[in-house]
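Heads up: the structure comes next, in structure tokens.
The values are calculated or read from the model by the stated rules, or taken from the named source; none is laboratory data. None of these values were measured; they are calculated from a predicted model. Heads up, the Cβs are rebuilt from the backbone with ideal geometry, glycines too, and the neighbour counts pull from every protein chain shown. The accessibility values were calculated without ligands, DNA or RNA, using every heavy atom of the protein model including side chains. Shrake-Rupley method; radii C 1.70, N 1.55, O 1.52, S 1.80 Å.
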Amino acid sequence: MGQARGFLAEGAEARVSEEDFLGVPAVRKVRPEKSYRPEDLDRRLRLGRIRTEVRLLRDARRAGVPTPLVLDVDEEGFSLVLERLPGRPLTELLGPGAGPLSEQEALCGRWGTLLGRLHAARISHGDLTASNVLWDGDHLTLLDLSLGSREPDLEELGIDLHLVEEDLNTLSAEAPRLLQAFRAGYEGVFPGARESLTRAQEIRGRIRYA
Ligand SMILES: Nc1ncnc2c1ncn2[C@@H]1O[C@H](COP(=O)(O)OP(=O)(O)OP(=O)(O)O)[C@@H](O)[C@H]1O
Ligand SMILES: [Mg+2]
């Protein structure tokens with residue numbers, strides 16, 4: 001069934017590799033055991049994140065936020081098979097010299113629109129950094145929703161925005177311009193934007209003066 005191919009990424013919690021799944025270009029995302037956690041807890045956490053990811057990838061797509069289709073779920077093997085999307089993560093496109101600033105602003109505006117739609121649909125992402133957004137030259141797609149939630153509170157919305165801001169600050173010297181574009185996209189589609197942006201600002205203040 002799954003024909004293993006190249007290795008894509010190894011994060012703290014998941015291992016992502018390319019494979020052909022019944023002839024469809026796919027990636028397999030495996031959540032390996034963490035031996036420092038008690039076994040029971042570890043299994044529950046891993047399963048929980050897989051189930052959350054499956055549910056939120058679907059809910060986000062229904063809310064008009066593109067996400068990869070889930071091709072298979074293997075709970076015994078703690079893995080998920082997703083359609084493999086073309087494109088590059090935004091990390092590669094927003095760094096210094098990666099492209100004209102106007103193009104980077106346009107990308108950030110679209111990224112903000114995606115998060116605005118997600119929040120308007122009462123979904124938070126939970127780990128929104130530029131490496132979890134793919135650009136194929138036409139479309140942006142959101143990845144990695146395993147830390148997201150349904151019916152998020154204001155704090156969770158603020159954290160999503162705060163993470164984007166921190167990530168842009170690390171990626172680019174033009175972060176203020178890129179953030180402005182991001183926020184414009186976000187505000188354009190999410191009626192609750194004022195409140196969540198204010199909360200993000202409070203979070204920033206709390207961290208700074210902690
Ligand atoms: N469907 C996909 N198509 C193409 N590339 C993908 C796909 N899913 C993931 N990738 C690539 O693999 C990388 C890691 O995937 P992902 O962000 O889902 O996992 P992770 O960050 O390791 O996991 P987590 O944070 O949930 O523990 C992505 O940044 C992206 O480059
Ligand atoms: Mg990721």
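Could you report the accessible area of Glu165 in Å², rounded to 10, computed with a 1.4 Å probe on the protein chains as they sit in the structure?
20 Å²
Find the relative contact order for the chain and round it to a whole percent, using C-alpha pairs within less than 8 Å whose residues are 6+ positions apart.
Computed over the chain, the figure is 19 percent.
Once each part is reduced to its C-alpha centroid, what is the distance from region 159-185 to region 9-25 in angstrom?
29 Å
Have a look at His125, His162, His139 and tell me which one the Gaussian network model of the chain (Cα, springs below 10 Å) gives the largest fluctuation.
His139
Relative to the longest principal axis of the C-alpha atoms of the chain, give the angle of the C-alpha long axis of helix 39-62, reported between 0 and 90° and rounded to the nearest 10°.
So the inclination is approximately 60 degrees.
How large is ³J(HN,Hα) for each residue in region 98-105, as worked out from phi by the Karplus curve 6.51 cos²θ - 1.76 cosθ + 1.60 (θ = phi - 60°), to whole Hz, x for Gly and Pro?
Per residue, the Karplus-derived 3J(HN,Hα) values read 6, x, x, 4, 4, 6, 5, 5 Hz.
Over 17 Å, how big is the tail of the calculated P(r) for region 4-126, in percent of all Cα pairs?
66 percent
If region 122-184 were replaced by its equivalent ellipsoid, with semi-axes equal to the square roots of 5 times the Cα gyration tensor eigenvalues, what would those be, largest first, whole Å?
Value: 20, 16, 10 Å, ordered largest first.
Place a label point 7 angstrom from the Cα of Arg55 along the Cα-to-Cβ direction, then list the residues of region 102-128 whose backbone nitrogen is under 15 Å away.
122-126
Among Leu82, Leu22, what's the order by accessible area (1.4 angstrom probe), most exposed first?
I get Leu22, Leu82, largest accessible area first.
With a 1.4 Å probe and every protein chain left in place, work out the accessible area per residue of the chain in Å², rounded to a whole number.
51 Å²
How large is the translational diffusion coefficient of region 1-76 in µm² per second when you combine the Kirkwood radius over alpha carbon pairs with Stokes-Einstein at 25 °C and 0.890 mPa s?
179 µm²/s
What is the dipole size for the chain, taken about its Cα centre, with +1 at each Lys and Arg Cβ and -1 at each Asp and Glu Cβ, in debye to the nearest 20?
I would put it at about 340 debye.
Which chymotrypsin sites (Phe, Trp or Tyr not before Pro) in region 127-210 sit in a loop by DSSP (not H, G, I, E or B) and have at most 16 other Cβ atoms within 10 Å of their own Cβ?
Here the chymotrypsin sites (Phe, Trp or Tyr not before Pro) that fit, given the DSSP loop and packing criteria, are Tyr209.
Compare the peptides 143-154, 67-78 by average per-residue count of other Cβ atoms within 10 angstrom and give them in order, highest first.
By packing density, highest mean first, the sequence is 143-154, 67-78.
Please report, in whole Å, how far the alpha carbons of the chain spread along each principal axis, starting with the longest.
46, 37, 31
May I ask which residue of Ser131, Gly99, Leu197 lies farthest towards the positive end of the charge dipole of region 88-208, with charges of +1 (Lys, Arg) and -1 (Asp, Glu) on Cβ and the Cα centre as origin?
It is Leu197.
Pop out the carbon and sulfur fraction of the accessible area of the chain as a percent, whole number, probe 1.4 Å.
50 percent
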